[in-house]
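So the structure is just underneath, and the comments pick up after that.
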Amino acid sequence: MRQMTLVSLIVLLLLALGGSWASDQSDYPNREIEFIIPFPPAGPADTAARIIQPRLSAILGVPIVLINKPGGGGALGADFVARGKPDGYRVFATTNSTLTIITATQPDLPYQLNNFASVGSYIVDLGVITARPGSSWKTLEQLVDYAKKNPGKLTYGSAGQGTVSFFTMELFKLSYGLDIAHVPFQGTAPAKTAVLGGHVDLASSGFASLAPSIRAGQLIPLVTTAPKRVAAFPNVPTMAEKGFPEASVNIWMGLFVPAKTPNETIDKLTKALEKTMQDAAVASAVEKAGMLVDYRDPKATRKLLESEHEAVKQAVKKLGIRG
Amino acid sequence: MKGGDKMDLVQSVLYGFSVSLEPTNLAACFAGVLIGTLVGVLPGIGSVVTMSLLFPVTYTMSATTSLIMLAGIYYGAMYGGSTTSILVNVPGEAASVVTCLDGHQMARRGRAGPALGIAAFGSFIAGTFGVVGIMLLAPPLASIALRFGPPEIFGLLILGFTMVTFLARGSKLKAAAMAILGLFLGTVGLDPIVGTPRFTFRSVTLMDGLGLVPLIMGLFGVAEVLLNIEQGLQQGVFETRIKGLLPTRQDWKDSAGPVARGSLLGFFLGILPGMGTIIPSFISYGVERRISKHPEKFGAGAIEGVAGPESANNAATAGSMIPLLTLGIPPNVVMAVLLGAFLVHGVQPGPLLMKEHPEIFWGVITSMYVGNAMLLVLNLPLIGLWVQLLKVPYGILFPLILLFCVIGAYSVSGNIWDIITMLAFGVVGYLMKKFQYDPVPLLLAFVLGRMAEESLRQSLLLSRGSLMIFLWRPLSGAFLLSALVLILLPFVVPRVKAAFRMVNQRNQP
Amino acid sequence: MRGRGRPGQHDRWVAGFLLLVGLLSAFEARGLTVGELGRPGPGFFPFYLAVALSIVSVALLVRSFHHAGLEGTAAQGSGEQSGGNKIIWTLLALFGYTFALDHLGFLVATFLLMLILFRVVELRRWPAAVAGSLATSLLAYGLFKLLQIRLPPGIWGP
């Protein structure tokens, strides 16, 4: 056993030596970068990140690993990044909702908007409210009529508490004064499954996720939250033209890192993102997925975040929306 | 089906083979299954991580080629995972944890060869079955999957749960306690619906919840090594004589039923959202033990306990392709990586995929058949080699096992606290074995916990607080009823038998 | 590992421990929102689980007094002294390795771990153990690199 003691002493010594080692950021990135997606596969955040992953990874010269961490309407993934080392190796690939909406609707979140620094925003996914065909309504008016006559009978599925799909539906309910029960799912894909299977009556998300089912006739689009009618679906009315412009929230995707990340690290990521979004192949993949390229630098992203967060807070206060 | 459709099907399949047998695709398929097997053999290192790391490599390939390779890694890992389970009682893949129970016992009795053989053959048969299943039934099955809403999922989970708990070895009460504890451990972390921290004691690591890989590697890997070390190596060593490398005729007879049932079960469960591959293999094990004429042999090296679950997890990989290919909904994370491969090539999987991109749809499906055949050819000669591994003294083997467990736990998220969690559960697992608590119900409950809670809460929101929703809906009602029957059976059957005996005795003069 | 005692005694301790866990968790879950059937909160599921766990552990506790000795012939071959020591050494080495990984990097830390583990069980001669450790850590490194598996960086490179 004496030799064992010797070995463990050596280990301790080496440990002490190792403690003096400090990280160096000048050669960033020199290993794989994790992208934390706060929703399960196939939602807008996931789709967008998967589209840019290969190009972005080629530009940065290191692999990018996509990790889905769903839960708590995206809070779980957000918190995971907020708590991470600010070294640029853990990036939050999210929709706007985890930073602007849920932070206003959930009082006891473990993180705040200020825990994050922006790398940039890059894709927009326009929102749509859909229903399953075969129901007794085919248009927005018929749905509103039915819901008014049968309060509390309808249900809607959202991508989670505090997500854009939740907020869109709550604003929709308030606009028309309807009573529709909310069933939160962990992301767009499960919510879409639930409406396709008839477990809930309505679901809202971005066009990207729902368009294939709309085209195949499995879902009917009732109304969109886009600022103007969407070219691919010209027959779908907008909330704004129905007289509710304030009920138009859309999904946009951005990359964020923990707040204390060094500026030069963020800079490298931002430049790579900008270059990725200029790539023609990426742009065409975005378009084919049913979304729009919309790149904003960190400053513009920050501004958008703050103004949207403020607007959501006002709406929540005025309308009494809560999770 | 009309005659014309049948013709179309044959043509489509032939067309698919013409795509998957192109040299590039054939090479991609081989590379995929080879990497998959390797990843599967290494404990803790999962196919998801590997697939996402290799994903950028496939970017330059065509959509079909990259999908063929990525899918190959996935089902290849299922073949490899069983090897580690059987040889050293450490699950190579999460889904192979069930294979440890009987596979390793077989190895200890000198029957590692037949165990590995039946795992490979069972996987091949199940994989083939799955591929044929996708070809014939993909669209109708997708609509069945859609009928599983929150109440149905909850009912199914409760049934699966009851099956495994009540079939656990030893005391039912202890099994129930472990099952509840497992569900409970699953609630650690942020609430799945509203994001409130639960039982985290302000620890940042716990916020994230306990990881599945550290938990499995701890309870089954580390605990096993600790027990072996303690018991002295003489006991840890195997019977030296190795009896045969391939399954005997009797083995085949015993395994035929389990392979067939495992394939069916795995395939159908695989289609359902969130099921993955681990739950089907557990349920298959439960079913085999339930219907076996000699359930006491389970846990002591019954070949049925290897054949069933191994078939089930392979069939489940095929089944899980269906929602992705026909609805555009990936039912698990692995399918999400495949979805990514579709998206970067500008292809939207969904109801229109078969029409718009037949070369992808049929090419990938037929490649799975080709890949399964390759895996069989690859794995059978390896059996001899693997069995030789058992001759390595445990004193040399166990440090390696521990090393792979540690790196496996670390590789999932690069957090050293995952290693600590694994070691802690290693100690817990060791103590559980000492006090005769079965870790299986705990693990299964942990796997099901989040889904069970979510579906329960969603169902209650759907019904606005009425528990009757579980009985009204025919599917969930049927599941819950079956669970109830399972619970009551052990109490009722002996009494009925006793009553019969009494009557018989009275009738006899 | 603790004494051999009467078999029922182990069960009693474990059941008592589980009961404690159940009660404490029930208390903790009350602090979260339990909610009601129509609006279940974050505490809903854990609370009822904790209650169930407490009930089952009480049953286990009661049974351990009644059935003492009937079930659970304690653990098989309660390890001799050296077995226990080996376990403790192995665990210490693993915990040490975990923390060393982040500082020393994979190669150095793994070499040391292998060296300790090889010598814990089979007291092999030093040269053999050193050679074996060197070989395994290099081979493992090559394998993990090949599969692009993430390894922690340390002072001396990988």
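The values are calculated or read from the model by the stated rules, or taken from the named source; none is laboratory data. No experiment lies behind these values; they were computed from the predicted model shown. Every residue, glycine as well, gets a Cβ built from its backbone with ideal geometry; the counts of neighbours run over all protein chains shown. What goes into the accessible areas is simple: the full protein's heavy atoms, side chains included, and nothing from ligands, DNA or RNA. Shrake-Rupley method; radii C 1.70, N 1.55, O 1.52, S 1.80 Å.
For residues that are in contact with a Pro (Cβ under 7 Å, 6 or more places away or on another chain) and either assigned to a loop (DSSP other than H, G, I, E, B) or open to solvent by 20 Å² or more (accessible area, probe 1.4 Å) (or both), tally how many sit in region B:404-417.
1
Output the number of residues of region A:179-215 satisfying the condition of being open to solvent by less than 20 Å² (accessible area, probe 1.4 Å) and over 26 Å from A:N68 (Cβ atoms).
Looking only at that region, the number is 2.
Looking at region B:37-113, what helices (runs of 4 or more DSSP H) fall wholly within it and have at least 3 residues that are of a type outside the set (D, E, K, R) and within 14 Å of chain A (Cβ to nearest Cβ)?
Those helices (runs of 4 or more DSSP H) span B:47-54, B:63-88.
Restricting the search to region C:46-66, which residues are open to solvent by 20 Å² or more (accessible area, probe 1.4 Å) and over 11 Å from B:I180 (Cβ atoms)?
Within region C:46-66, C:F47, C:V58, C:A59, C:L61, C:V62, C:R63, C:F65, C:H66 meet the criteria.
Would you check which residues across region C:23-66 are β-branched (V, I, T) and under 24 Å from B:P441 (Cα atoms) and list them?
Listed by number, the residues that qualify are C:V51, C:I55, C:V56, C:V58, C:V62.
Pick from region B:86-105 the residues that are more than 18 Å from B:I383 (Cβ to Cβ) and among the small types (G, A, S): which of them is modelled with the lowest pLDDT?
Only one residue tops the list, namely B:A94.
Given C:A135, C:A93, C:A128, C:A74, which one is modelled with pLDDT of 85 or more and open to solvent by 20 Å² or more (accessible area, probe 1.4 Å)?
On inspection, the qualifying residue turns out to be C:A135.
If you go through region A:167-190, how many residues are without any contact (Cβ under 8 Å) to a residue 60 or more places away in the chain and either facing chain B (nearest Cβ under 9 Å) or not β-branched (V, I, T) (or both)?
10
Filter the helices (runs of 4 or more DSSP H) completely within region B:317-362 down to those with at least 2 residues that are at the interface with another protein chain (Cβ under 10 Å from one of its Cβ atoms) and buried (at least 24 other Cβ atoms within 10 Å of the Cβ).
B:321-327, B:333-344
Say we look at region A:34-61 and pick out the residues that are in a loop (DSSP other than H, G, I, E, B) and open to solvent by less than 10 Å² (accessible area, probe 1.4 Å); which of these is farthest from B:M451 (Cα to Cα)?
Once the filter is applied, the top-ranked residue is A:G43.
Filter region A:230-247 down to the residues that are within 18 Å of A:V312 (Cβ to Cβ), in a loop (DSSP other than H, G, I, E, B) and open to solvent by 70 Å² or more (accessible area, probe 1.4 Å) and list them by number.
none
Going by the conditions given, is A:A315 assigned to a helix (DSSP H, G or I) and surrounded by fewer than 16 Cβ atoms within 10 Å (Cβ to Cβ)?
In short, no.
Of all residues in region B:364-402, which are open to solvent by 50 Å² or more (accessible area, probe 1.4 Å), farther than 30 Å from B:M354 by Cα and of a type outside the set (A, V, I, L, M)?
B:P381, B:W386, B:Q388, B:K391, B:P393
From A:P70, A:P41, grab the single residue that is within 7 Å of chain B (Cβ to nearest Cβ) and not small (G, A, S).
Residue meeting the stated conditions: A:P41.
Looking only at region B:20-34, decide whether some residue is charged (D, E, K, R) and in a helix (DSSP H, G or I).
Scanning region B:20-34, I find no residue that is charged (D, E, K, R) and in a helix (DSSP H, G or I), so the answer is no.
Only one of (1) crowded, with 22+ Cβ neighbours inside 10 Å; (2) over 23 Å from A:V293 (Cα atoms); (3) at the interface with another protein chain (Cβ under 8 Å from one of its Cβ atoms) fails for A:R83. Which number is that?
(1)
All but one of (1) within 20 Å of B:G72 (Cα to Cα); (2) open to solvent by 20 Å² or more (accessible area, probe 1.4 Å) hold for B:A300; state the number of the condition that does not hold.
The single condition B:A300 does not satisfy is (1).
Among the residues of region B:418-443, which ones are within 9 Å of another protein chain (Cβ to nearest Cβ), of a type in the set (F, W, Y) and either without any contact (Cβ under 8 Å) to a residue 60 or more places away in the chain or part of a helix (DSSP H, G or I) (or both)?
B:Y430, B:F435 - these are the residues of region B:418-443 that are within 9 Å of another protein chain (Cβ to nearest Cβ), of a type in the set (F, W, Y) and either without any contact (Cβ under 8 Å) to a residue 60 or more places away in the chain or part of a helix (DSSP H, G or I) (or both).
If you check A:E264, A:E308, which single one turns out to be away from chain B (no Cβ under 14 Å), modelled with pLDDT of 90 or more and open to solvent by 50 Å² or more (accessible area, probe 1.4 Å)?
A:E264 is the lone residue from the list that is away from chain B (no Cβ under 14 Å), modelled with pLDDT of 90 or more and open to solvent by 50 Å² or more (accessible area, probe 1.4 Å).
So B:L486 fits all but one of (1) buried (at least 19 other Cβ atoms within 10 Å of the Cβ); (2) modelled with pLDDT under 85; what number is the exception?
(1)
Let me spell it out: the conditions are (1) closer than 30 Å to A:Y156 by Cβ; (2) touching an Asp or Glu at 6+ places or on another chain (Cβ under 8 Å); (3) in the same structural domain as A:L269 (by TED's automatic domain parsing), and A:I64 meets all of them except one. Which number is the exception?
Failing condition for A:I64: (1).
Being over 19 Å from A:I36 (Cα atoms), assigned by TED's automatic domain parsing to the domain that holds A:T95, open to solvent by less than 30 Å² (accessible area, probe 1.4 Å) and not in a strand (DSSP E or B): is that true of A:A281 here?
Against the criterion (over 19 Å from A:I36 (Cα atoms), assigned by TED's automatic domain parsing to the domain that holds A:T95, open to solvent by less than 30 Å² (accessible area, probe 1.4 Å) and not in a strand (DSSP E or B)), A:A281 does not qualify.
Being closer than 16 Å to A:I220 by Cβ, among the hydrophobic types (A, V, I, L, M, F, W, C) and touching a Gly at 6+ places or on another chain (Cβ under 8 Å) is true for just one of A:A189, A:A181, A:A159, A:A203. Which residue is that?
When all the criteria are applied, what remains is A:A203.
So B:R111 ticks every box in (1) in contact with a Gly (Cβ under 8 Å, 6 or more places away or on another chain); (2) open to solvent by 20 Å² or more (accessible area, probe 1.4 Å); (3) at pLDDT below 85 but one. Which box is left unticked?
B:R111 satisfies every listed condition except (3).
C:G69 - would you say it is at pLDDT below 90, closer than 19 Å to B:D191 by Cβ and open to solvent by less than 60 Å² (accessible area, probe 1.4 Å)?
Answer is no for this residue.
Check B:G350, B:G449 and return the single one that is over 24 Å from C:S133 (Cβ atoms) and more than 23 Å from the chain's Cα centre (by Cα).
B:G350
With B:S82, B:S18, B:S12 as the choices, which residue is buried (at least 24 other Cβ atoms within 10 Å of the Cβ) and hydroxyl-bearing (S, T, Y)?
After ruling out the rest, the residue left standing is B:S82.
For B:L375, work out the one condition from (1) in a loop (DSSP other than H, G, I, E, B); (2) at pLDDT 90 or above it doesn't fulfil.
Answer for B:L375: the failing condition is (1).
What are the pairs, 6+ residues apart or on separate chains, where a residue within region B:132-154 that is more than 10 Å from chain A (Cβ to nearest Cβ) and more than 18 Å from B:V364 (Cα to Cα) has its Cβ under 6 Å from a residue that is open to solvent by 10 Å² or more (accessible area, probe 1.4 Å) and modelled with pLDDT of 85 or more?
Taking only residues 6 or more apart or on different chains, the pairs are B:F154/B:L456.
Of the residues that sit in region A:284-305 and are of a type in the set (V, I, T) and in a helix (DSSP H, G or I), which one is farthest from the other protein chains (Cβ to nearest Cβ)?
Looking at residues that are of a type in the set (V, I, T) and in a helix (DSSP H, G or I), I get A:T301.
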